[in-house]
Amino acid sequence: YCASCHGEQMQAFVDRKWKNGKSTGELAMSIANGYPDAGMPAWGQVLAKAEIDELVAYIEAGIEQVEKYGFDEVAVRSDTFQSNSLTFKIETVAEGMDVPYSMDFLPGGDMLVTDRGGKVYRVSPSPQGDGTTSVGKTSELSGVPAVRAKGQGGMHHVLLHPDFENNQYVYLSYGALKKEGGKKLTTTKVTRHKLNGTSLSDETQILEALPYTSAGYHFGSVMHFDADGHLFITVGDRGERDVNPQDLSRFGGKVHRVNEDGSIPEDNPFVGTEGAIASIYSYGHRNPQGLDIHPTTGEIWEHEHGPRGGDEINISKPGKNFGWPVISYGLNYDGTTFTNLLEKDGMEQPKHYWTPSIAPSGMTFVTSEKYGDWKGNLLVGSLRFKYLNLVRLNGERVVSEEPLMKNIGRLRFVTEGPDGFIYVGVEDPGRVLRLRPL
């Protein structure tokens, strides 16, 4: 049960920050009652009290063992890795972050990196004479909008405007905070800003996924521009599985498509449909946290988290329904079913699905010549298993997968830079790494 979200190793419990306490009673209460607003189910109706007590004892024994003897058997012992076709080395570009969530590249070589806790950094790399790089200078940006950094919420994605050199526009997606009736509520929001050095100004709202809710998970919140200047934005189902994804009058569980200023393209599929939100491009999604444009076809590829199993890779197309939660290859976290349907007329099948879940995060097509036969394939991060997944393709079909950099940490994003190198962001500790082929 725990492995569905936390992975299959005790280290996931030992290295975590215990926000709700780690005493025997606090652990038992957390397991029994859960934290629904943060996306953690309650297990009190699934596990007997004796089973919960045994689980608490197991976690406590694991913590004690690691504190005494360490956890070397899962530690990464080298900065050099071997794939089936390539040897490469990892280099730390930036460090000192909590959860580096995304990055984009400024002209001249600097980078913008988001930290889920609510900060955005400008990183100036430190290239060495031999072609390597080391930890660069990191400066925090001012003028960053306030976020609610709780559960999965916080500062998420950063994206530069395609014509950034002329307009200096930077787009941010995040879990926006709203206080109402004594409650703290949140939603997925996208704003546009103008960058001047290490300062953001001229905030313009691009998309606000109404209504706000107390749920702290399933934000989606990734963005990408296509070749025509349309901005694609994902919004997760916000934990309202049976309400949002299939309802065209609600933002949640959708891929949205807007113009650069937030206005609606006239050829969006639901423009003129009564009651439908005009920014919707495709629907029936759960929690899409990976998005990229196919370098040849221009199609919108996305991946999304399933529940217990059923993570998916999809190609988002205008007006298409991807079925969540009517059809799914996943189960509830407690092993019960919420649907018996794997397919249904009028609903799209995934191009690929993972059972068990890998908890995919971040996605990029490899276009660089630097990585040999990786070119033309996908790289996808795994939060659950702490590796980078090389997904080999034949057209739209996944033909094989290869885990890279096992146990590197919870891999939060992967992207290809304008220099042709692959960059990844990992947690525990939070840092940005560059993959340099040898």
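No value in this document is a laboratory result; all are computed from the given coordinates. Small disclaimer: the values here were computed from a predicted structure and weren't measured. As a convention, Cβ positions derive from the backbone with ideal geometry for all residues, glycine included, and neighbour counts pool all protein chains shown.
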Among G376, G129, G298, the residue with the largest mean-square fluctuation in a Gaussian network model of the chain built from Cα contacts under 10 Å is G129
Quick one: Debye curve from the alpha-carbon atoms of the range 133-177 only, equal weights, vacuum; give me log10 I(q)/I(0) at q = 0.13, 0.15, 0.23 Å⁻¹ to two decimals. -0.42, -0.55, -0.93
Shape call for the range 374-438 from the C-alpha gyration tensor, a ≥ b ≥ c root eigenvalues: rounded (a/c under 1.5), prolate (a/b greater than b/c) or oblate? oblate
Taking a ≥ b ≥ c as the square roots of the eigenvalues of the Cα gyration tensor, with a/c under 1.5 meaning rounded and otherwise prolate when a/b exceeds b/c and oblate if not, the range 185-291 is oblate
Non-local residues with an amide H under 5 Å from the amide H of K320, with H modelled 1.01 Å from N and Pro and chain starts lacking one, are Y283
What spacing in nm lies between the two simple spin-label points modelled at L185 and S142, each 7 Å away from Cα in the Cβ direction? 3.3
For the range 129-138, Karplus-derived ³J(HN,Hα) couplings (6.51, -1.76, 1.60; θ = phi - 60°; whole Hz; x for glycine and proline) come out as x, 8, x, 8, 9, 10, 4, x, 6, 10
Table column - 3J(HN,Hα) (Hz), the range 170-180, Karplus curve with 6.51, -1.76, 1.60, x for Gly and Pro: 10, 10, 10, 10, 6, x, 6, 9, 9, 9, 8
Filtering trypsin sites (Lys or Arg not before Pro) in the range 328-435 by DSSP loop and by at most 15 other Cβ atoms within 10 Å leaves K344, K375, K406
Amide H contacts under 5 Å for S126, placed H, 5+ residues apart: S134, G136
Longest span of the chain, sites excluded, free of GluC sites (Glu not before Pro) in DSSP loop with at most 15 other C-beta atoms within 10 Å? 9-265
Inter-label distance, nm, simple model (7 Å from Cα along the C-beta direction), T92/M347: 4.6
Distance check, please: which entries in K183/K254; K150/K189; K89/K119 exceed 23 angstrom between their Cα atoms? K183/K254; K89/K119
Between K22 and S199, what FRET efficiency comes out of the Förster formula 1/(1 + (r/R0)^6) with R0 = 51 Å and r the beta carbon distance, rounded to 0.05? 0.80
Packing rank of 82-88, 233-239, where each peptide gets the mean count of other beta carbons within 10 Å, highest leading: 233-239, 82-88
Given points 7 Å out from each Cα along the Cα-Cβ axis, report the D53 to A32 separation in nanometres with one decimal. 1.1
Full-stretch length increase - N167, E369 - with 0.36 nm per residue and alpha-carbon distance subtracted: 69.7 nm
Can you list residues whose amide H is under 5 Å from R238's amide H, if they're 5+ apart or on another chain and H is modeled 1.01 Å from N? G253
Could you please state, rounded to a whole Å, how far the C-alpha centre of the range 162-189 is from the C-alpha centre of the range 272-338? 22
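Taking a ≥ b ≥ c as the square roots of the Cα gyration tensor eigenvalues, with a/c under 1.5 meaning rounded and otherwise prolate when a/b beats b/c, else oblate, which class fits the range 129-266?
Numbers: a/c = 1.85, a/b = 1.44, b/c = 1.29.
It comes out prolate by the Cα gyration axes.
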Residue with peak Gaussian network fluctuation, the chain [Cα springs, cutoff 10 Å], from H156, H256, H193: H193
